[in-house]
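Report on the structure given below.
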Amino acid sequence: MGNRLSRIYTRTGDDGTTGLGDGSRTQKDSLRVEAYGTVDELNSCIGLLIAHLDEKTLESLLLDVQHDLFDLGGELCMPNMELIADRHIKRLEDELDRLNADLPPLKDFILPGGSVAAAQAHLARTICRRAERRVISLARQEPVNEPVIHYLNRLSDLLFVVARTVARASGAGEVLWDHERDR
């Protein structure tokens with residue numbers, strides 16, 4: 001899938017357009033490019049999260065997610081391509097159930113923080129939510145494989161649970177929102 005780049009700059013995008021996976025060209029600020037660009041940003045953020053992990057048991061899970069996101073971005077870059085399926089969503093749900101089983105029930109809202117890795121997981125979660133919004137905007141105008149939206153929705157939940165898991169494992173704990181603080 002795709003071509004190997006022998007040269008990084010091509011000058012073909014100097015006019016404000018970019019090539020899609022099917023060979024067609026579109027504006028760099030199109031909804032499609034916004035959607036897969038935000039997925040790419042999310043993938044980079046998860047890479048940074050992996051680099052900050054002290055808890056290496058999550059590394060394999062997050063690396064699988066990175067591969068999924070690369071496929072998902074490729075799917076968005078190639079109209080009518082379907083790479084993300086229900087099995088990907090099921091895997092996220094299984095991991096969510098596994099990780100969440102060891103966490104105490106939520107009684108308060110959690111603020112991003114606790115440790116660098118936990119804060120990075122929260123940042124990834126917020127980028128994931130933005131990617132989901134971009135894909136939904138695209139789906140209003142062009143066909144989008146429905147599991148893509150479901151995957152991003154589940155992934156943001158997983159990243160929230162990863163943030164909780166990492167914060168607790170680091171010993172820093174979770175940062176709880178104090179709704180009664182002196183304003």
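The values are calculated or read from the model by the stated rules, or taken from the named source; none is laboratory data. Note that this is a predicted model, so its numbers are computed, not measured. As a convention, Cβ positions derive from the backbone with ideal geometry for all residues, glycine included, and neighbour counts pool all protein chains shown. Calculation scope for accessible area: heavy atoms of the full protein, side chains included, ligands and nucleic acids excluded. Shrake-Rupley method; radii C 1.70, N 1.55, O 1.52, S 1.80 Å.
Some observations on this one:
One line per residue, one yes/no per condition, for (1) closer than 24 Å to Asp22 by Cβ; (2) touching a Gly at 6+ places or on another chain (Cβ under 8 Å); (3) charged (D, E, K, R):
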site: Ala51; (1), (2), (3): no, no, no
site: Leu63; (1), (2), (3): no, no, no
site: Glu75; (1), (2), (3): yes, no, yes
site: Ala85; (1), (2), (3): yes, no, no
site: Asp94; (1), (2), (3): no, no, yes
site: Arg98; (1), (2), (3): no, no, yes
site: Leu103; (1), (2), (3): no, no, no
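- Screening Leu76, Leu48 for residues that are more than 17 Å from Leu158 (Cβ to Cβ), assigned to a helix (DSSP H, G or I) and either over 12 Å from the mean Cα position of the chain (by Cα) or not acidic (Asp, Glu) (or both) leaves exactly one candidate, Leu76.
- Selection from segment 138-151 of residues that are in a helix (DSSP H, G or I), in contact (Cβ under 8 Å) with a residue 40 or more places away in the chain, farther than 25 Å from Leu49 by Cβ and open to solvent by 40 Å² or more (accessible area, probe 1.4 Å): Gln141
- For Gly113, the conditions (1) of a type outside the set (Val, Ile, Thr); (2) modelled with pLDDT of 95 or more; (3) not in a helix (DSSP H, G or I) all hold with the exception of (2).
- The residue that is nearest to Leu158 (Cα to Cα), counting only those in segment 127-137 that are free of Cβ contacts under 8 Å to residues at least 60 places away in the same chain and touching a helix residue (DSSP H, G or I) at 6+ places or on another chain (Cβ under 8 Å), is Arg129.
- Annotation note: Cβ proximity below 9 Å between a residue of segment 105-118 that is open to solvent by 90 Å² or more (accessible area, probe 1.4 Å) and a residue that is in a helix (DSSP H, G or I) and at pLDDT below 85 (sequence gap 6+ or interchain) occurs for Val116/Ser170.
- Segment 165-183, residues that are on the phi < 0 side of the Ramachandran plot and part of a loop (DSSP other than H, G, I, E, B): Ala172, Glu174, Trp177, Asp178, His179, Glu180, Arg181, Asp182, Arg183
- Inter-residue pairs, beta-carbon under 9 Å, first touching a residue at least 24 places away in the same chain (Cβ under 8 Å) and in segment 58-72, second surrounded by 20 or more Cβ atoms within 10 Å (Cβ to Cβ) and hydroxyl-bearing (Ser, Thr, Tyr), 6+ apart: Leu58/Thr165; Asp68/Tyr151; Leu69/Tyr151; Leu72/Tyr36; Leu72/Tyr151
- Within segment 120-129, the set of residues being closer than 11 Å to Cys45 by Cβ, surrounded by fewer than 20 Cβ atoms within 10 Å (Cβ to Cβ) and out of contact with any Cys (no Cβ under 7 Å at 6 or more places or on another chain) comprises just one member, Thr126.
- Within segment 38-57, considering residues that are touching a helix residue (DSSP H, G or I) at 6+ places or on another chain (Cβ under 8 Å) and at pLDDT below 95, the one least open to solvent (accessible area, probe 1.4 Å): Leu53
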